[in-house]
1. Using Cα-Cα distances under 8 Å and only pairs 6 or more residues apart, what relative contact order does the chain have, in percent?
2. Convex hull over the alpha-carbon atoms of region 80-144: what's its volume per residue in Å³?
3. Along the charge dipole of the chain, pointing to its positive end and built from +1/-1 on Cβ of Lys, Arg, Asp and Glu, which listed residue (84, 105, 48) has its Cα farthest out?
4. Could you pull out the GluC sites (Glu not before Pro) across region 92-195 that fall in loop regions by DSSP (anything but H, G, I, E, B) with no more than 15 other Cβ atoms inside 10 Å?
5. Would you please name the GluC sites (Glu not before Pro) within region 5-72 that are DSSP coil residues with at most 16 other C-beta atoms within 10 Å of their C-beta?
6. Taking every pair of distinct Cα atoms and averaging 1/r, then inverting, what Kirkwood hydrodynamic radius in Å comes out for region 47-159?
7. Angle between the Cα long axis of helix 270-285 and the longest principal axis of the chain, 0 to 90 degrees, nearest 10?
8. Expressed in nm to one decimal, what extension gain is obtained for the pair residue 233 and residue 18 from 0.36 nm per residue of sequence separation less their Cα-Cα distance?
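Derivation of every value follows stated rules applied to the coordinates shown; laboratory data play no part. Keep in mind the model is a prediction, meaning the values are calculated, not measured. Cβ atoms come from the backbone with ideal geometry, glycine included; neighbour counts cover every protein chain shown.
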Amino acid sequence: MVVPPTPENLERAARIIRSGGLVAFPTETVYGLGANALDATAAAKIFAAKERPSFDPLIVHVSDREMLQQVVREVPAMAEKLMARFWPGPLTLVLPRSERVPGIVTSGLPTVAVRMPAHPVALELIRRAGMPIAAPSANPFGYLSPTRAEHVERMLGERVDLILDGGRTTYGVESTIVLLAERPVLLRYGAITVEALEEVVGSLELQVGETQKPLVPGQLPQHYAPRTPIRIAPPESIPQEARKQSGYLAFRDVPKGFKVVKVLSPTGNMLEAAAHLFEALHQLDRLGLEAIYAEPVPEEGLGRAIMDRLRRASSTSQTSSEP
Ligand code: TXA
Ligand code: MG
């Protein structure tokens, strides 16, 4: 059931979390599918609803520093610096985990991924629940992330106790994930750019490539994928004949001859493009097209997160789960 985030509905949602249920809620990045992070049974429901493999750990969302202390064992100096600059916000830090976090949340890892979201509804829900909320993106495993409440309803509707509707999310791509080891390591491109992070940490080691044993499923070669086959290709490379039954996901200009075209940002603004990315893919994926072609965007700033998602969506090494 989709409801607006009125104080009554927030209270109801908080009660559901406290009693071990599932609530989908907006964050500044994408919608999350939340449960009590300190309750293994509640967290298990997330895996069931998403059909998510258990080797895929969850991100724990906190509303204040006190709550952070409940889930981590220590906060390294570099993490302090990053939190001071980017929290609340779309930066997830992987830190040593406290004993209180059940193994199912971290897939048995000695670390836990945490972030403090910069969204009033998310923060208010966590505060009212009075406990950290574990929440992956509210989509079936491997499928496109949700940037609107209706995406969640369509994909997971019956499996969620309540969906809080906060309108379209601001960033439209997930949080950036940084592991604080001896040196900071980037695990996932996301809403905070590498350039912005490097202003704080100096140089950043990158582990976002395709690895044999992915550290995080966002690193799986295929992820974030629509059901329609998708390829990254500049418009001029696509023959007229192929255009007729295909959709084009354009960065700023509208190419000719395609059955349907979605433009990410008519002004070429990367922030706007990221915000529209998953929404445009959700729309194109529902049209029964033969193929979706996507225009490459410049790989700087948020452009790296966009290209990362497009590459994984277009990888064919594995079939994705369907909604
Ligand atoms: O923006 C976001 O981060 C959204 C919103 C809801 O906060 N959440 C999100 O969660 O994208 P999810 O589950 O789709 O992606 C979380 C990623 C997963 O790929 C997971 O494997 C990784 O974070 N992760 C979680 N715990 C980890 C850990 N201890 N070490 C390394 N990676 C971890
Ligand atoms: Mg996800």
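1. Relative CO of the chain lands at 20 percent.
2. Value for region 80-144: 122 Å³ per residue.
3. Result: 48, furthest along the dipole toward the positive end.
4. Qualifying residues, ordered by number: 99, 182.
5. When the GluC sites (Glu not before Pro) of region 5-72 are filtered for loop state and at most 16 Cβ neighbours within 10 Å, 51 remain.
6. 14.9 Å
7. 70 degrees
8. Extra length available between residue 233 and residue 18 comes to 72.7 nm.
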